[in-house]
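Here's the structure, in structure tokens; my notes come after.
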Amino acid sequence: MVTTPEPLNPDPYARIAAVYDVEFRPANADTLGYERRRIGERLLVLGCGTGRVCRGLAAREIVGLDRSAPMIQLAQARASASEVYVQGDMSAFSLGVFDEMIIPNGAFAFLSSRTARAACLSACRAALAGGGSLTIDVPMPEFERWGERHHPETPAWEGEVDGRHVWRTRETFRDPVAQRLELIDRYRDDSGWKATSALVLHLFSVDEMHWMLEANGFYAESVWGDHTDGPIRAGSPRLLVRALPL
């Protein structure tokens, strides 16, 4: 029997920012790719989280924006002189003009409506008034699994956070008609602490990404299927698009 997804917290990272930071801090495949393709010196990272991507690219002037206050607080605590962090909404921001923009780690997929995605791209277009590039990094849909509407809770990660043994499980719901993926992450530790983070993503096809960009003042200069610039193909883990203003 398929169970019902849990109610969503407006900030899915409200109680797990420190755990998220520990789990994903070692990841660097994406930042290596972003650095290899870098343009200019003034960079804006939307959905910056705790600043992992910004710190990996901190040899230039960087602004990171995220709507989660706990995530931004952790990012600010580690910020170098070249990093500035701002709490805000990626679908409604005005932070000046940049040479380059990155929306990493699926953050763009968290925008649940066409209206929100269009507003985000409009704000990005205004922030690239002098030219420059926008890189969007989202998961590539696993089309072969779209018929699997529900995947039960299974172990996903474990580690140590502030001396505590912490583990995470994940339950997955898919809605192929809405192109919607819901991930219910549950966190626990030996002391009895529990927290739930519900992440809802819109999954994009390659063609959808192209027309969406073109409808909002961009064109896709390059499209890749992974962070080593591999081509899009069946089984590609990522849909990476580098877009330029029309």
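Nothing in this text is a laboratory measurement; each read-out follows from the coordinates by a stated rule. This one's a predicted model, so the numbers in the text were calculated from it and none came from an experiment. Glycine also receives a Cβ, built like all others from the backbone with ideal geometry; neighbour counts cover every protein chain displayed.
Odds and ends about this structure:
- MRE, 222 nm, helices only [DSSP H, n ≥ 4, -39500 (n - 2.57), over the chain, to nearest 500]: -6000 deg cm²/dmol
- Remark: region 143-201 carries a charge dipole of roughly 200 debye about the Cα centre, counting +1 on each Lys and Arg Cβ and -1 on each Asp and Glu Cβ.
- Under a model in which nothing but the beta-carbon of Lys, Arg (+1) and Asp, Glu (-1) is charged, the chain shows a dipole of about 200 debye around its Cα centre.
- LEU44, LEU32, LEU239 arranged by Cβ crowding within 10 Å, fewest neighbours leading: LEU32, LEU239, LEU44
- Neighbour-limited loop hits for GluC sites (Glu not before Pro), region 148-212 (at most 16 other Cβ within 10 Å; DSSP other than H, G, I, E, B): GLU148
- Among THR135, THR50, THR154, sorting on how many other beta-carbon atoms sit within 10 Å of each Cβ, with the fewest leading, yields THR154, THR135, THR50.
- Cut-off under 5 Å, modelled amide H: who pairs with THR135 long-range: MET101, ILE102, ILE103, ALA243
- Of VAL22, VAL63, VAL97, the one that fluctuates the most in a GNM where the chain has Cα springs shorter than 10 Å: VAL22
- Going from the fewest other Cβ atoms within 10 Å to the most, the residues VAL45, VAL177 appear in the order VAL177, VAL45.
- Projecting the Cα positions of TRP193, HIS151, SER133 onto the charge dipole of the chain (unit charges on Cβ atoms of Lys, Arg, Asp and Glu, taken about the Cα centre) puts SER133 furthest along the positive direction.
- Cα-based shape type of the chain, given that a ≥ b ≥ c are square roots of the gyration tensor eigenvalues and the cut on a/c is 1.5: oblate
- Cut-off 12 Å between beta-carbons: net charge of the residues surrounding THR169, Lys and Arg +1, Asp and Glu -1: +1
- Per the Kirkwood formula applied to alpha carbons, region 119-161 shows a radius of gyration over Rh ratio, Rg over Rh, of 1.23.
- Straightening the chain between GLN76 and LEU246 buys 57.8 nm, computed as 0.36 nm per residue apart minus the Cα-Cα spacing.
- Cα shape, region 43-108, gyration tensor, a/c 1.5 rule: rounded
- Zone residues, region 146-183, relative to SER112, backbone N less than 20 Å from point 7 Å out along Cα-to-Cβ: 149-151, 171-183
- Whether region 143-201 is rounded, prolate or oblate, judged on the alpha carbon gyration tensor where a/c under 1.5 counts as rounded: prolate
- Positive dipole terminus of the chain, leading residue within GLY96, ASN28, VAL86 (C-beta point charges): GLY96
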